[in-house]
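Working notes, structure below.
The values are calculated or read from the model by the stated rules, or taken from the named source; none is laboratory data. Since the structure is predicted, the reported quantities are computational estimates derived from the model, not experimental observations. Methodologically, a virtual Cβ is constructed for each residue, glycine included, from the backbone with ideal geometry; neighbour enumeration extends over all protein chains shown.
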Amino acid sequence: MRILNLAYMFFRQQLRHRVQVVVVVFAAMIILAAMIFSSLAWEHEGELVVDLGLSGMDFLAFMVVIFSLVFFMYEELEMKSAVLILSKPLRRHEYLFGHYLGTLMTVAFNLVFMLVILSVALAFLGAYLQPIDLFAFLYIFYKAVLVASLAFLFASFSSSVPLAVILTVFLQLLGHFSFHLHALGRQITNIPLRLFLDGLYFVLPNYYWLDVRDRAGLPGFEFSFGYFLTSSAYVICYAAIILYLAIMLFRRKEF
């Protein structure tokens, strides 16, 4: 219960943060794009708006995680507000996990708001979201779950905000190429290098699994209920392992 109370408290605080401006910018961008494409009367204007909307959601969800998690957390640590909270009968893992859940609540709230704006823009064009688009929307949240866990991991031991941000962005970028690094390793005969690339494949977040909309038209790919369960289990297990490491490091951190 204390974790949920903390999560709700952090959720309310982050909604008042200036990062919410990006959501307003996104809404204005989608509405403007819908009006432009409607006036041009392109044949595939609905699909273009969906691509623009989902890409915008992906980027903005990442930005919300960065600004509302890493910066907000370090702001609390530097202002010593974390010391005041932890001086109460509250364990460190509760504080960290509550902050993590509050961040995901903020991301989910913003993504749902963006989805509503996107649906309205599509209705203005006489189009609508396909089932694969809705799963792509869910997988955008899955990506936020992974990157938020990584951001908390770096925030749990780093005393530098820029370093935590750089590490988070770096792994976010590498996560989009982890599958390709693994495929490259299959073609390399050098055993040490091959093992290194295989190790990166298992350590880095695998966003290739979550890009279902981009892979929907590829030969040999079929989105099924089994695929959904497998990818969901992967996200839960990966985030749980990273959060466990973050909690272990956060317990040893001195304020």
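Worth pointing out:
- Scope segment 125-140; condition more than 24 Å from the chain's Cα centre (by Cα) and either closer than 11 Å to L54 by Cβ or hydrophobic (A, V, I, L, M, F, W, C) (or both); matching residues: L125, A127
Yes/no per residue for (1) surrounded by fewer than 22 Cβ atoms within 10 Å (Cβ to Cβ); (2) closer than 19 Å to F10 by Cα; (3) of a type in the set (D, E):
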{"residue": "L90", "(1), (2), (3)": "yes, yes, no"}
{"residue": "V107", "(1), (2), (3)": "no, yes, no"}
{"residue": "L122", "(1), (2), (3)": "yes, no, no"}
{"residue": "L129", "(1), (2), (3)": "yes, no, no"}
{"residue": "A151", "(1), (2), (3)": "no, yes, no"}
{"residue": "S158", "(1), (2), (3)": "yes, no, no"}
{"residue": "F170", "(1), (2), (3)": "yes, no, no"}
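- Pairs, first in contact (Cβ under 8 Å) with a residue 40 or more places away in the chain in segment 168-194, second outside any loop (DSSP other than H, G, I, E, B), C-beta under 6 Å, six or more apart: T168/L150; T168/A151; T168/F154; Q172/V147
- Residue within segment 137-146 that is of a type in the set (A, V, I, L, M, F, W, C), surrounded by 15 or more Cβ atoms within 10 Å (Cβ to Cβ), touching a residue at least 24 places away in the same chain (Cβ under 8 Å) and assigned to a loop (DSSP other than H, G, I, E, B) present: no
- Unique match (being without any contact (Cβ under 8 Å) to a residue 24 or more places away in the chain and either within 21 Å of S149 (Cα to Cα) or part of a helix (DSSP H, G or I) (or both)) among Y234, Y227, Y238: Y227
- If you check L184, L122 for being in a helix (DSSP H, G or I), modelled with pLDDT under 85, closer than 19 Å to L52 by Cβ and of a type outside the set (D, E), only one passes: L122.
- Conditions (1) over 30 Å from H93 (Cα atoms); (2) at pLDDT 75 or above: number failed by L249: (1)
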